[in-house]
Amino acid sequence: MLRFAHERMPFMWPEAREADLWAYLESFLLHYRNLIELFGKVPTKKTDLSILRPDDIWPDLHSRPSDEELSEMQKIGEVLRLKYEDPAQNDTISKYLQHCTTHRIQAKSWQPSQMMYEIERLISMFEKHVPAFKPASNSIRMDEIFAKPVPADRYVSSSAGKTHSAGAAPTGSDE
């Protein structure tokens, strides 16, 4: 998803609208933060995946990276996490992604191309040791999802009877 969001960023997509930029930027930042936490954060919960708990990721020792590779991945992840998620900083990815906070309205100049450059080696090291991606659900067929129109009532909110379907643009009135 990180690579997909980065590839779809509007600087590479001339017909994009401003909303596309925000959607892909948020997806990019969310996945970037998740990866730098996977590689560079000491896990605090039993369910946290972490490069520091390689047995959770690679139960088969045959596919597991060497201790040297694990250490190198962790060090790169730690450097990136300190750069983009250091709690002592005021402009972390997490603070930016929080909704309805003043951090969202403060100007921030993200550099996705630089960020991808910084993490690409780490991702490539990791990918050498994981099987090819397979979706969590093999029963979902995208051609079936997008071939059928979505019923208008599927995305209707039930709050106070004032609703808009996902496909309809608000008209400016709440009637």
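The values are calculated or read from the model by the stated rules, or taken from the named source; none is laboratory data. Keep in mind that what you see is a predicted model, and the values were worked out from it rather than measured. Cβ atoms come from the backbone with ideal geometry, glycine included; neighbour counts cover every protein chain shown.
Write out, first by first residue and then by second, each pair whose Cβ atoms fall under 6 Å of each other, whose residues are 6+ apart or on separate chains, and whose first residue, in segment 117-130, is in contact (Cβ under 8 Å) with a residue 40 or more places away in the chain while the second is polar (S, T, N, Q). If the second residue must be polar (S, T, N, Q), the pairs left are His129/Ser63.
Table: residues versus (1) farther than 15 Å from Lys75 by Cβ; (2) touching a helix residue (DSSP H, G or I) at 6+ places or on another chain (Cβ under 8 Å); (3) assigned to a loop (DSSP other than H, G, I, E, B).
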| site | (1), (2), (3) |
| --- | --- |
| Leu21 | yes, yes, no |
| Leu25 | yes, yes, no |
| His31 | yes, yes, no |
| Asn34 | yes, no, no |
| Glu37 | no, yes, no |
| Val42 | no, no, yes |
| Ile51 | no, yes, yes |
| Asp55 | yes, no, no |
| His62 | yes, no, yes |
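Across segment 10-52, the qualifying residues are those that are among the charged types (D, E, K, R) and touching a residue at least 40 places away in the same chain (Cβ under 8 Å), and the one among them that is farthest from Tyr117 (Cα to Cα) is Lys41. None of Tyr117, Tyr96 is part of a helix (DSSP H, G or I), among the hydroxyl-bearing types (Ser, Thr, Tyr), surrounded by 10 or more Cβ atoms within 10 Å (Cβ to Cβ) and at pLDDT below 85 except Tyr96.
For Glu15, indicate whether it is of a type in the set (D, E, K, R) and in a helix (DSSP H, G or I). Against the criterion (of a type in the set (D, E, K, R) and in a helix (DSSP H, G or I)), Glu15 does not qualify. Residues of segment 58-93 being under 19 Å from Val130 (Cα atoms), surrounded by 10 or more Cβ atoms within 10 Å (Cβ to Cβ) and without any contact (Cβ under 8 Å) to a residue 24 or more places away in the chain, which ones? Leu70, Ser71, listed by residue number. Restricting segment 23-40 to residues that are buried (at least 20 other Cβ atoms within 10 Å of the Cβ) and more than 10 Å from the chain's Cα centre (by Cα) leaves a set whose member that is nearest to Trp110 (Cα to Cα) is Ile36. Ser71 - would you say it is farther than 15 Å from Tyr32 by Cα, small (Gly, Ala, Ser), assigned to a helix (DSSP H, G or I) and more than 18 Å from the chain's Cα centre (by Cα)? When the stated conditions are applied, Ser71 passes them. Among residues of segment 99-111 that are under 22 Å from His6 (Cα atoms), those with a beta-carbon under 9 Å from a residue that is at pLDDT 75 or above and part of a loop (DSSP other than H, G, I, E, B) at least six positions away or on a different chain give the pairs Arg104/Gln98; Lys108/Asp91.
Would you check which residues across segment 1-22 are of a type in the set (A, V, I, L, M), more than 18 Å from Phe133 (Cα to Cα) and surrounded by 14 or more Cβ atoms within 10 Å (Cβ to Cβ) and list them? Steps first, please.
The initial filter retains those residues of segment 1-22 that are of a type in the set (A, V, I, L, M), namely 1-2, 5, 9, 12, 16, 19, 21.
Right, trim to more than 18 Å from Phe133 (Cα to Cα) and you get 9, 12, 16, 19, 21.
Across segment 1-22, the qualifying residues are Met9, Ala16, Leu21.
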